[in-house]
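Since every read-out is calculated from the coordinates, none of them should be taken as a lab result. These figures come from a predicted structure and were not determined experimentally. Please note: Cβ atoms are built from the backbone with ideal geometry, for glycine as well, and neighbour counts cover all protein chains shown.
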Amino acid sequence: MRQKVEELQEAHQESELRRQEIAAVLDGITDIMMVLSKDLRIISVNHVFHELFTVQRPEGQHCYRIFRGSNRPCPECPAHRSFKTNAVCRCMGTFKIGGITREFEMVASPIHNPDSPESRILIFKRDVTLEKAYQAKFYQAEKMATIGMLAAGVAHEINNPLTAVYGLAEGIRRRLPAIRAGVDDAMYADIEEYVDTILMECRRCRDIVRSMLSFSRPHTLAFSPVSLNEVVTDTLSILRSHLDERGRHGLTLTVNLHEGLPLVPGDEAQLKQVLLNLLTNSMDAITETGEITITTHPENDNTVNLSVEDTGCGIVPENMDKLFNPFFTTKPVGKGIGVGLATCYSIVREHHGSIEVASEVGLGTHFTVKLPLDSGQNRE
């Protein structure tokens, strides 16, 4: 009799130890784990479920009500398919939890219990949001490498004729004094302005090619003190004829430059490229009448802001997180290839700054470039 009691105690201890081991294993699982009945009601959940969801008592509720707020099973539900096929089913799903969109990999597996005639399904939900984000960054890096290869070919093809144009324009400028006596002052001034514009635009084309190369080829910029006010005035002089033409059709330009604006360390040509791209986008967003406002001002003791605001068509919310992706564009074919804002983002990031955007459909868009007053060389 005593021997049987001891055997029962040992069996009980062994069972308790096994139960504790199973509980420890289950507690160590970082995925959401649920057991569902055939009608997709939740029978039990693990502790991870309660860490992510605020539902106090999920047991007895339909899973699709909790996760989707729906009255019927989800079409992609792996549990529903697993019940029908009696096989392991997998799928991906996106859920909004606490206002944050998360992506889950879901696996549904039938539970075969000979002691229970009722069919049940074990569900694992693994949060792969960060994994997908890293994959997106990897694909982005591959895309950038492709851009670098394309840009290298473009640079070779463009630089040769560009060098010839630049050299001929320099030759014309050197010969200007020889023709001054043969033309009137107004014509001489026009020719001189045209030549200077050609040279300036040739240099800008060179800078554009360099900015394309900067997508995938890291390089060290030679920063020098730059006045954002001068960046604005020089860029507007480049666009003067285009702005005048648009002004005759109802476009209004307002410029608010802060007096005594601190200088920022940076590459002047690249910062002009940023402003040029932002202004071009603003003009494209205004089809007829509208207003563009350019503002410079210090935000605090460490940051200076350059903003471009327009009253154009605005940006739909679903496109906001794609604006700075290379080759993303909402413009018609032939009007843009989607590298302008990606170039802006790359340049501003190299200047250790940030670029922010706010927009409302039908009211307009506001871009703000924030640049630090220190070069960032001492940052880790």
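Couple of notes before you dig in:
- Counting other Cβ atoms within 10 Å as a rough exposure proxy, the listed residues 74, 63 run 74, 63 from fewest neighbours to most.
- Order of 85, 235 - criterion: other Cβ atoms within 10 Å of each residue's Cβ, fewest first: 85, 235
- Cα-centre dipole for the stretch 241-328 with unit charges at Cβ (Lys and Arg positive, Asp and Glu negative), debye to 20: 180
- Ranked 192, 157, criterion: other C-beta atoms within 10 Å, fewest first: 157, 192
- Close amide H partners of residue 291, meaning residues 5 or more places away or on another chain with modelled amide H under 5 Å apart, are 252, 311.
- Annotation for residue 72 and residue 291: the two label points, set 7 Å from Cα along the Cα-Cβ direction, are 5.1 nm apart.
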